[in-house]
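Taking it in order: structure first as structure tokens, then the write-up.
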Amino acid sequence: MSLATNFSLLTKVRPYKSKWRVQVKCLHSWKQNTSFGGDTFEMVLADQMGNKIHASCKKTHMFRVQRGLPVDEWRVIENMTISAAGGSYRTTKHPYKMTITDETVFSGSDLTDENLFLSFADYEEIGNDVIGKVHELGVVQTVQVFGQDMNKIELRLIDTNGNELACCLWGTYADQTTIQLEQNSTYTCIS
């Protein structure tokens, strides 16, 4: 049985040691390829308090990490490295980033918290960029635009304060959103 006192919260991890032991849920993962880093596997992890951290591993660890840290599952991670988070694109507000290495160990956790740990910004705070949960979803309609058929879908987004925003997506945006929502009905956030 996992005891909360045996784990560090993500707000407490720092670069000065690598023997951290954390209990986390993988919220999201994706593969990435950059010219300077090659293929990597990236993740957003959250602890039981909802603190989030960006985690990464190199291609050589990708399959082991995918098996060891499945999305929406709680796991215990030990022996990872922590470094300063940088760059212009940051997936979390955490000042540090976690790197999975050869010495990193994954084990099961008995924690069962189904919270998605979503944290949306208010629409007024972010200007033209919007993120929210799909609250109402219309059907895809095909309409004539300049003599060509084009798909459109109307939907309503809701943020954490209950503010709603009506949206209409056209063309490939409508198609991609519809496909994504059909494939993953439990994770219905778009930006």
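The values are calculated or read from the model by the stated rules, or taken from the named source; none is laboratory data. These figures come from a predicted structure and were not determined experimentally. Note that each Cβ is placed from the backbone with ideal geometry, even for glycine, and that neighbours are counted across all protein chains shown. Areas reflect the complete protein model, heavy atoms only, side chains present, ligands, DNA and RNA absent. Shrake-Rupley method; radii C 1.70, N 1.55, O 1.52, S 1.80 Å.
Given the options Gly162, Phe41, Gln176, identify the residue whose Cα lies farthest towards the positive end of the charge dipole of the chain (+1 on Cβ of Lys, Arg; -1 on Cβ of Asp, Glu).
Phe41
About its Cα centre, what dipole magnitude does the chain give when the only charges are +1 on Lys and Arg Cβ and -1 on Asp and Glu Cβ, stated in debye to the nearest 20? Write down the numbers at each step before the final one.
Working: 19 positive and 22 negative charges, 226 e Å.
Its charge dipole is roughly 1080 debye.
What's the extension gain from Ser29 to Tyr173 if we count 0.36 nm per residue and subtract their Cα-Cα distance?
Values: separation 144, 0.36 × 144 = 51.84 nm, distance 2.17 nm.
Difference between extended and current length: 49.7 nm.
Given that just one value was derived from the coordinates, which of (i) 1.03; (ii) 0.99; (iii) 0.94 is Rg/Rh (Cα atoms, Kirkwood Rh)?
Working out Rg/Rh (Cα atoms, Kirkwood Rh) from the coordinates points to (i).
Counting only C-alpha contacts under 8 Å and six or more residues apart, can you give the relative contact order of the stretch 1-83 as a whole percent? Can you show the working numbers first?
Values: 145 pairs, mean separation 30.2, N = 83.
Relative contact order of the stretch 1-83: 36 percent.
Hey, what do the phi angles of the stretch 34-41 turn into as Karplus ³J(HN,Hα) couplings, whole Hz, using 6.51/-1.76/1.60 and θ = phi - 60°, x for Gly and Pro?
Working through the residues one at a time gives 10, 5, 9, x, x, 7, 9, 10 Hz.
Name the residues whose placed amide hydrogens come within less than 5 Å of the amide hydrogen of Gly132, ignoring near sequence neighbours (fewer than 5 apart) on the same chain.
Ile190
Roughly how many Å² of Trp30 are accessible to a 1.4 Å probe, to the nearest 10?
Surface open to solvent at Trp30 totals about 60 Å².
Return the distance in nm (one decimal) between the two label points of a simple spin-label model at Tyr89 and Met62, each offset 7 Å from Cα along Cα→Cβ.
Inter-label distance under the simple model: 1.6 nm.
Over 21 Å between Cα atoms: which of Lys25/Lys93; Lys59/Lys133; Lys31/Lys59; Lys12/Lys58; Lys97/Lys133; Lys12/Lys133 fall into that group? The partial results should precede the final answer.
On the way: Lys25/Lys93 17 Å; Lys59/Lys133 32 Å; Lys31/Lys59 9 Å; Lys12/Lys58 24 Å; Lys97/Lys133 26 Å; Lys12/Lys133 30 Å.
Check vs 21 Å cut-off fails for Lys59/Lys133; Lys12/Lys58; Lys97/Lys133; Lys12/Lys133.
When the chain is fully extended, how far beyond the present Cα-Cα distance does Val71 get from His135, taking 0.36 nm per residue of separation? Numbers along the way, then the final one.
Working: separation 64, 0.36 × 64 = 23.04 nm, distance 2.28 nm.
So the extension gain works out to 20.8 nm.
With a 1.4 Å probe and all protein chains in place, put Asp159, Asp110 in order of accessible area, largest first. Don't jump to the answer; show the numbers that get you there.
Values: Asp159 10, Asp110 75 Å².
Sorted descending by solvent-accessible area, the residues read Asp110, Asp159.
Skipping prolines and chain starts, which residues have an amide H placed within reach, meaning under 5 Å, of the one on Ser109, given they are 5 or more residues away or on another chain?
Amide H to amide H, under 5 Å and 5 or more residues apart or across chains, Ser109 pairs with Val76.
Tell me, what is the FRET efficiency for Leu181 and Asp110 to the nearest 0.05, using R0 = 30 angstrom and their Cβ-Cβ distance as r?
Working: r = 32 Å, r/R0 = 1.07.
Using R0 = 30 Å, I get an efficiency of 0.40.
In degrees, nearest 10, range 0 to 90: what is the angle between the Cα axis of helix 171-183 and the longest Cα principal axis of the chain?
50 degrees
Arrange the residues Phe106, Phe146 by how much accessible surface each exposes, largest first, with a 1.4 angstrom probe.
On the way: Phe106 45, Phe146 205 Å².
Result of the area sort, largest leading: Phe146, Phe106.
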